[in-house]
Each structure stands twice: as C-alpha cells, then as structure tokens.
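Each remark here refers to the structure printed beneath this line.
What follows draws every value from the coordinates through simple rules; no lab data is involved. Computed from a predicted model, the values in this text were never measured in an experiment. Note that each Cβ is placed from the backbone with ideal geometry, even for glycine, and that neighbours are counted across all protein chains shown.
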Amino acid sequence: MDALSGPFLAASLLLVLAGLSKVADPSPLVRATRSVGHALRAPVVRVLAAFEVAVGVGAVLTGSRAAAALVALSYLGFTAFVLLARHRGGVLASCGCFGKVDTPPTRTHVVTTAVLAVVSAAVAVRPIGALQADVALLAATSAITVVLYLVLALLPGLTEATRRPGGVPHGGPVAA
C-alpha cells in the first residue's frame with residue numbers, strides 16, 4: 001500500500017460526498033457563487049456536481065494518472081474559490097459541499113483543500129493504480145475521510161461559536 005493511497009482515496013470519497021450533496025440541493029453553492037460575484041445557476045451547479053461525483057468515483061475505481069490529475073484540479077479549484085471568498089468576504093454560510101452544515105471560508109479550509117490538491121497531484125505523477133482493498137487501507141481511508149469532514153464541515157462552526165458571546169453557534173444552541 002502506497003503511503004498516499006489512504007489520503008488520496010479519502011480526498012476522492014470526499015469529492016463524491018460533496019458532489020452528491022450539491023446534486024441534491026444546488027442552492028447553497030448558487031448563493032456562495034453569487035456572494036463572490038460569479039453567480040452560477042442551479043442546473044450548472046448540478047452538472048458540475050455530477051462531474052465532481054464522476055471524478056471521485058473514477059479516482060476510487062482506477063487510481064489512474066488522469067483521475068488523480070482531475071482530483072488535483074478539483075481541489076485546486078476549491079482552494080481558489082475559498083481564497084476568493086475570503087478575499088471578497090463572500091460565502092457567509094454553506095457552499096453546499098456538506099449539505100446544510102455551515103461552512104464559512106477559513107484558513108483551515110484553504111490549507112486542507114490545498115493539501116488534498118498536492119496529494120492528488122503526487123498521485124498523478126506516480127499513480128497508485130487500481131487498489132486491492134484490504135482492511136488497513138479501508139480503515140485508513142475511513143478515518144481520514146471522517147477527519148476531513150470534521151475539519152471542513154464542523155470545525156469552522158465550532159471556531160465561530162467560540163468567538164461569539166456565550167459560545168452559542170449560529171442557529172442557536174445544540175440539543176443534547
């Protein structure tokens with residue numbers, strides 16, 4: 001197992017999950033693109049999200065140079081969008097990548113998507129090929145995917161909550 005297999009597969013699975021979320025409900029990304037001055041319409045978002053799903057699935061199934069390059073380009077695009085949103089003060093709520101979870105543009109988001117772009121670019125240079133699923137790889141991929149989700153989807157809301165008086169997250173207190 002190549003050391004990049006788990007992180008690359010996790011990045012690819014995250015593409016699939018985020019893409020499926022945007023196919024189901026493109027409105028958060030429509031609002032996010034509008035907030036930075038580049039409004040996309042819902043049908044365009046759905047097509048881009050379906051492509052995102054296809055890229056992620058292709059990467060998981062093949063581990064090929066082309067698939068890895070497309071994953072890398074996807075994460076470069078996400079990094080550029082988050083940087084643009086931070087620069088222009090846009091995307092005050094979710095971009096739709098993780099459903100309804102509030103995901104404001106943070107430095108952590110920029111670093112995470114940039115690292116995933118680098119990992120995927122490294123796999124494009126040195127492809128891992130079709131993977132033989134084993135317990136260790138599945139465990140590593142699952143753990144990395146969960147951590148990435150937590151970092152990208154939940155950490156920004158928790159960080160924002162600690163800055164607010166009383167520490168109550170946007171939308172009110174969380175039921176126990």
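For this structure, a couple of remarks:
- Extension gain (nm, one decimal) between residue 24 and residue 147, 0.36 nm per residue minus Cα-Cα: 42.0 nm
- Stretch gain in nm, segment residue 62-residue 118, where the contour uses 0.36 nm per residue and the Cα spacing is subtracted: 18.3 nm
- Table column - 3J(HN,Hα) (Hz), segment 7-24, Karplus curve with 6.51, -1.76, 1.60, x for Gly and Pro: x, 5, 5, 4, 4, 5, 5, 4, 4, 4, 4, 5, x, 4, 4, 6, 5, 5
- Residue-span extension gain [residue 126 to residue 88] - 0.36 nm each, minus C-alpha spacing: 10.1 nm
- A crude spin-label estimate for the pair residue 44 and residue 73, with each label 7 Å from Cα along the Cβ direction, gives 1.8 nm.
- Net charge contributed by nearby residues that have their C-beta within less than 14 Å of residue 54 (K/R +1, D/E -1): +1
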